[in-house]
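The structure under discussion appears below in the form of structure tokens.
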Amino acid sequence: MLDTLRKRFGLLGRNISYSFSKGYFTEKFEKEKLEGCSYENFDIQEITAFPEIIKKNPDIQGMNVTIPYKEVVIPFLDELSEKAAIIGAVNTIKVTHEGKLMGYNTDYYGFMESLKPLLQTHHKRALILGTGGASKGVAFALDELGISYTFVSRESKENRITYDQINGTSFDDYQIIINSSPVGTSPNTDAFPQIPYEYFTPKHIAYDLIYNPAETQFLKKAKAKGAQTKNGLDMLIFQAEKAWEIWN
């Protein structure tokens, strides 16, 4: 049991009332009788409000970071872990005893650990839908697993294709399709990435980083064609526990 010293943690994001983290950590603190620990949402409309949060709350020991601040928070931090620096996105901040802000990425770890049990020998290549902060952790994890990947975005750039370039041959070449975009998140549960779902097969994995709803349209459509499906809940649990390790 921790001593009764007040230990405050929180989530930095925009429009995050739906957030997984607050419920998860509050339940964890109760279940594990971690006295003096609390977790709250810091819901800000612009990242420029972040320094004020730190200033006004000197007893905060750690924070998680969610959309849309995983990349833009970096200039406000004092130091990055080696992996966060390579990834270029931060989802965990530790406040040191000296008041320094250290940035880490536990998304990649959460994604990697949750994907591993699904992998078979033919799962060699992945398409990552979306190019935001979350996609960077996914790409780093795939590198660690030795799986090559291509990003899919609305604009064509180096190592990227556009959604309208995906066809039957793409599904032959890529056996893992990962939605790292927010398309399909509650409350917009009817939305789904615009890809040709008819080409999914039982040899494919469809992975959606979204966890609310538990089964997005993306997963439903892939499942209808026999693909293995996975949502982002286990990823969140793994990354949350890794964040807790870092804070302590």
Legend entry - Principal-axis tilt of helix 20-31 within the chain, Cα atoms, nearest 10 degrees: 50 degrees
Inset, instruction - Could you tally the net charge around Gly110, taking each other residue with its Cβ under 10 Å from the Cβ of Gly110, Lys/Arg +1 and Asp/Glu -1? - result: -3
Legend entry - In the stretch 31-126, trypsin sites (Lys or Arg not before Pro) in a DSSP loop with at most 11 other beta-carbon atoms within 10 Å: Lys33, Lys100
Legend entry - Nonlocal amide H pairs with Thr229, under 5 Å, H built at 1.01 Å: Ala206
Legend entry - Distance violations [Cα-Cα > 18 Å] among Lys203/Lys225; Lys56/Lys100; Lys7/Lys28; Lys124/Lys220; Lys22/Lys116; Lys70/Lys136: Lys124/Lys220; Lys22/Lys116
Inset, instruction - Note the angle between two axes, namely the Cα long axis of helix 133-145 and the longest principal axis of the Cα atoms of the chain, as a number of degrees from 0 to 90, rounded to the nearest 10. - result: 70 degrees
Inset, instruction - Loop only per DSSP, at most 16 neighbouring Cβ atoms within 10 Å: give me the trypsin sites (Lys or Arg not before Pro) in the stretch 137-212, ordered by residue number. - result: Arg154, Lys157, Lys203
Inset, instruction - Kindly identify the stretch 76-223 as rounded, prolate or oblate by the Cα gyration tensor criterion: order the square roots of the eigenvalues as a ≥ b ≥ c, call it rounded if a/c is under 1.5, otherwise compare a/b with b/c, prolate if a/b is larger, else oblate. - result: prolate
Legend entry - Karplus-derived HN-Hα couplings along the stretch 41-56 (A = 6.51, B = -1.76, C = 1.60, θ = phi - 60°), whole Hz, x at Gly and Pro: 8, 10, 9, 10, 7, 9, 5, 4, 7, 4, x, 5, 4, 5, 5, 7
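How about the stretch 7-44: which chymotrypsin sites (Phe, Trp or Tyr not before Pro) there are in a DSSP loop, with at most 10 other Cβ atoms within 10 Å of their Cβ? The partial results should precede the final answer.
On the way: sites: Phe9, Tyr18, Phe20, Tyr24, Phe25, Phe29, Tyr39, Phe42; in loops: Tyr18.
Sites meeting the loop and neighbour criteria: none at all.
Taken together, the values in this text are just the output of simple stated rules run on the coordinates, not laboratory data. Here the structure is a predicted model, which is why all the values come from computation and not from measurement. FYI the Cβ positions are ideal-geometry reconstructions off the backbone, even for glycines, and counts take in every protein chain you see.
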